[in-house]
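Some notes on the structure that comes next.
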Amino acid sequence: MSSVAEAKHRRVYEIVRSRIQSGDYQPGDRIPSEANLIEEFGVSRPTVARALQDLERRGLVHRRRGSGTFVSRTNGDTMHFGLLIPGLGATEVFEPICAAMARVAQQDGHSLLWGATAPASSDEPDIDIDRGTIAWDLCQRFIRDRVAGVFFAPLELIPGREEINRRIATAFDDAKLPVVLLDRDYVKYPGRSSHDLVGINNRRVGHTITNHMFEAGCRRLLFILRPGSTSAVHARSVGFAEAFITRRAPFDVNMFQECDPCDAKQISCLLREYTPDGIVCANDVTAGHLLHTLDELGVRVPEDVMIGGVDDVKYAALLRVPLTTVRQPFAAIGEAAYYAMLDRIARPNAAPRHITLGCELVVRDSTRGR
C-alpha cells in the first residue's frame, strides 16, 4: 500500500475511532454506511472497508450482514493481556516484538502485563528449574487475574520443557483464555498445536541462509543448534537439508550437530572431523558464541570457515566479524500477533492459524572475502 493510501486509511480510521471514544457514536449505534463514509472523506471503497475492518479487529465495532456496522457495547472496556515469555529482558528477539504489541494495544486503550522471568538460559541447573517454576506461577497469576488473553513463547533449552509447556497451554485452555504463540510451537516440528502461532517461515529461512552460503562458495556445510532447541530451530534445520536437495548436493545427517557453541574442545573436534568451510547457526546467539570460540581456536572467519545466522539482533552487525543473517521483522510480528489475539477473542471457535511473515537476507563480512 502506498503512503498516500495508508494516510487516507489512517485518517478514516482515526476519525471514526475518535467519534466512538468521545461518545458521538454510542454503543449499539449504527455508524454511517460505507457509501456515506466514502462521500464524507472522499476516498475509495477499499480504503473505507479496511478502516472498518481495523475497527472491528480492535473490538470497537461489529458488522451485521445486511444491516450495517454497529458500535460494540463493550468498546469502552480496557483489556489486559498477559506476556508469558521466558527470558524477556534477557534477549533481543522478544523485546521489539513486545514493544510493537504494547504500542498498538495502547492505541486501542488496552495494556500488556509484563511478568518477571528468569534469564533465557543458564549454566546453573537450579536457575533452569526456576525458569519452569516462574513460568507456571505466571500462568496461574494470569488465570487468577482473568486477563483477556496470553501471548506465550514456549520455554526452550531446559530439562522438562515439553511437559512444562503442555501443562501451561492446557491450564490456559481449561480456563478458556485465548493464547497466541510467539515465534514457535510447543509441539515438536512438524506437528502443530491447536493455538494460533505468529512468526516467520522457519523452513524457508533455513533454506535461504544455506542457499546463500552455497552461492558464497561453501561446499562442506554444517548446521549447529544447541541441545533443547525449539520447534522453530528444527524447522530451520529442515530448510538447511532442503537446500541440499534443491541443489542435488550430497547430504548426510551428520551435517546436523547439536552442541554447545561455547565449548572450544567440542567445536575443535567438529572442525577436525568434518572440515566444514561453512557453518549455518540456528540463530544469531549461537553464531555469536561460535565466532568467539573460533577466535580462541585461531580459526579465521570467513577465510577458513564462513558463518551464517538467523534473527539479525542488534549486535549481529557489531561483532568482530559482522554476521550474515536473516532479518526477522520483529515489529511486524508484534503487530500481527496483537491483531491475531483480537481476532481470536472475536471468533473463539475459528480454526487455529499459523501466520508467517517474510524475512530479509542481510549479507555481511562473515560470508564474504573468499
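Can you spot a residue in segment 354-368 that is farther than 20 Å from SER229 by Cβ, part of a helix (DSSP H, G or I) and in contact with a Cys (Cβ under 9 Å, 6 or more places away or on another chain)?
Applying the first criterion (farther than 20 Å from SER229 by Cβ) to segment 354-368 yields 355, 357-358, 360-368.
Add one more test, that the residue is part of a helix (DSSP H, G or I), and what stays is 365-367.
Adding the requirement that they be in contact with a Cys (Cβ under 9 Å, 6 or more places away or on another chain) leaves 367.
Scanning segment 354-368 turns up at least one residue that is farther than 20 Å from SER229 by Cβ, part of a helix (DSSP H, G or I) and in contact with a Cys (Cβ under 9 Å, 6 or more places away or on another chain).
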Run GLY23 past the list (1) surrounded by 14 or more Cβ atoms within 10 Å (Cβ to Cβ); (2) farther than 27 Å from VAL180 by Cα; (3) not polar (S, T, N, Q) and report the number of the one that doesn't hold. (1)
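Pick from ARG247, ARG219, ARG236: which is loosely packed, with under 13 Cβ neighbours inside 10 Å and either touching a Lys or Arg at 6+ places or on another chain (Cβ under 7 Å) or not hydrophobic (A, V, I, L, M, F, W, C) (or both)?
On the way: ARG247 fails: loosely packed, with under 13 Cβ neighbours inside 10 Å; ARG236 fails: loosely packed, with under 13 Cβ neighbours inside 10 Å.
Exactly one of ARG247, ARG219, ARG236 is loosely packed, with under 13 Cβ neighbours inside 10 Å and either touching a Lys or Arg at 6+ places or on another chain (Cβ under 7 Å) or not hydrophobic (A, V, I, L, M, F, W, C) (or both), namely ARG219.
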So which pairs qualify, if the first residue must be in segment 258-283 and in the same structural domain as THR210 (by TED's automatic domain parsing) and among the small types (Gly, Ala, Ser), the second must be surrounded by 15 or more Cβ atoms within 10 Å (Cβ to Cβ) and in a helix (DSSP H, G or I), the Cβ gap must be under 7 Å, and the two must be at least 6 apart or on different chains? ALA264/THR293; GLY278/MET213; ALA282/VAL233; ALA282/ARG236
Tally, over segment 176-217, of residues that are touching a strand residue (DSSP E or B) at 6+ places or on another chain (Cβ under 8 Å), under 27 Å from ILE279 (Cα atoms) and polar (S, T, N, Q): 3
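Here are ALA340, ALA351, ALA287: which of them is under 30 Å from GLN107 (Cβ atoms), within 26 Å of the chain's Cα centre (by Cα) and in a helix (DSSP H, G or I)?
On the way: ALA351 fails: in a helix (DSSP H, G or I); ALA287 fails: under 30 Å from GLN107 (Cβ atoms).
When all the criteria are applied, what remains is ALA340.
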Within segment 228-242, identify whether any single residue is more than 23 Å from ARG353 (Cα to Cα), touching a residue at least 12 places away in the same chain (Cβ under 8 Å) and touching a strand residue (DSSP E or B) at 6+ places or on another chain (Cβ under 7 Å), and answer yes or no. yes
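Can you report the number of residues in segment 179-220 which are of a type in the set (Gly, Ala, Ser) and either without any contact (Cβ under 8 Å) to a residue 40 or more places away in the chain or within 26 Å of ILE168 (Cβ to Cβ) (or both)?
Applying the first criterion (of a type in the set (Gly, Ala, Ser)) to segment 179-220 yields 191, 193-194, 199, 206, 216-217.
Adding the requirement that they be either without any contact (Cβ under 8 Å) to a residue 40 or more places away in the chain or within 26 Å of ILE168 (Cβ to Cβ) (or both) leaves 191, 193-194, 199.
Within segment 179-220, residues that are of a type in the set (Gly, Ala, Ser) and either without any contact (Cβ under 8 Å) to a residue 40 or more places away in the chain or within 26 Å of ILE168 (Cβ to Cβ) (or both) number 4.
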Only residues that are surrounded by fewer than 16 Cβ atoms within 10 Å (Cβ to Cβ) and not in a loop (DSSP other than H, G, I, E, B): list them for segment 290-324, please. HIS292, ASP295, GLU296, LEU297, LYS314, TYR315, ALA317
I need the full set of residues from segment 7-59 which are among the hydrophobic types (A, V, I, L, M, F, W, C), over 25 Å from ARG347 (Cβ atoms) and part of a loop (DSSP other than H, G, I, E, B), in order please. VAL43
Look through segment 65-94, keep the residues that are outside any loop (DSSP other than H, G, I, E, B) and surrounded by fewer than 17 Cβ atoms within 10 Å (Cβ to Cβ), and return whichever of them is modelled with the highest pLDDT. HIS80
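The values are calculated or read from the model by the stated rules, or taken from the named source; none is laboratory data. Predicted model, so just to flag it, every value in this text is computed and none were measured. Note that we place each Cβ from the backbone using ideal geometry, even for glycine, and neighbour counts take in every protein chain shown.
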